[in-house]
Amino acid sequence: MGGQPAEKKRRFQIAPGFVLRRIGDDAVLIPIGEHPVFTNVMMTPNRTAAFLWQAFSEPSTEEDVVMRALERFDGDEAEIRRDVAMFMKESIDNQVLVEVD
């Protein structure tokens, strides 16, 4: 049958316990509650990371987010795909991005 391989259909979402807020032109990421990696910190993601964070605020596949990023940013598709994959890997490794049904 056609369609995407199962790997491409996996959906991910930002784990509960994080909020992204805008302060002026800046985004600030704040972990709330207890998190095994981040405690008592505020992070200021760059524009691309803030976009990816927002994109994964609802369940999304990697391909969904790549397509949204291609619409939003000028740039080489291969580079955008690498950026999304790197964001996902680091976020999954740090238990910030979780797989959902």
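I'd like the full set of residues that are open to solvent by 100 Å² or more (accessible area, probe 1.4 Å), more than 11 Å from residue 54 (Cα to Cα) and not aliphatic (A, V, I, L, M), limited to the range 14-28.
16, 22, 25 - these are the residues of the range 14-28 that are open to solvent by 100 Å² or more (accessible area, probe 1.4 Å), more than 11 Å from residue 54 (Cα to Cα) and not aliphatic (A, V, I, L, M).
Residues that are modelled with pLDDT of 80 or more and in contact with a Lys or Arg (Cβ under 8 Å, 6 or more places away or on another chain): which helices (runs of 4 or more DSSP H) entirely in the chain hold 2 or more of them?
The helices (runs of 4 or more DSSP H) meeting that bar are 47-55, 62-72.
Go through (1) open to solvent by less than 90 Å² (accessible area, probe 1.4 Å); (2) under 15 Å from residue 21 (Cα atoms) for residue 63 and report which single condition fails.
(2)
The values are calculated or read from the model by the stated rules, or taken from the named source; none is laboratory data. In this text the structure is predicted, and so the values were computed from the model without any measurement. Note that each Cβ is placed from the backbone with ideal geometry, even for glycine, and that neighbours are counted across all protein chains shown. Note: accessible area is taken over every heavy atom of the protein model, side chains too, but ligands, DNA and RNA are not part of it. Shrake-Rupley method; radii C 1.70, N 1.55, O 1.52, S 1.80 Å.
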